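Reviewing the structure listed below.
A short reminder: the numbers here are calculations on the coordinates, not readings from a lab. Predicted model only: the values in this text are computed from it and were never measured. No Cβ is skipped: glycine too gets one built from the backbone with ideal geometry, and neighbour counts run over all protein chains shown.
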Amino acid sequence: MMKLEEQIAEDMAREMSEEIDFDVMKDLLTESGWYTVQLLTLGSREKSIDIKDWVTKNCKRGFVSRGRTFIFKSKKEAEWFSLRWL
């Protein structure tokens, strides 16, 4: 039983660490001129996959994402993304 509790605690700690790291990276990138777009929801699993496919195919200047947050190097690509998915 203790092994399961330890695994859950480790998983939660890792998730929190990744979230903090992403927030720091997001702040650094936006301070250096990148553009953040926050979706209200990713919707269904299929829509989430469609969004990931779309950014991979259409955003060539650079982007990073985590959950509903997408950060684009190009203002134009951020605008295209917003028009398509917001």
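Observations on the model:
- Members of the range 1-32 found to be over 13 Å from Gly67 (Cα atoms) and in contact (Cβ under 8 Å) with a residue 12 or more places away in the chain, listed by number: Met25, Leu29, Thr30
- For the range 62-86, the set of residues classified as of a type in the set (Gly, Ala, Ser) and either farther than 23 Å from Asp27 by Cβ or in a strand (DSSP E or B) (or both) consists of Ser65 only.
- For the range 15-61, residues that are of a type in the set (Gly, Ala, Ser), surrounded by fewer than 12 Cβ atoms within 10 Å (Cβ to Cβ) and not in a helix (DSSP H, G or I) total 3.
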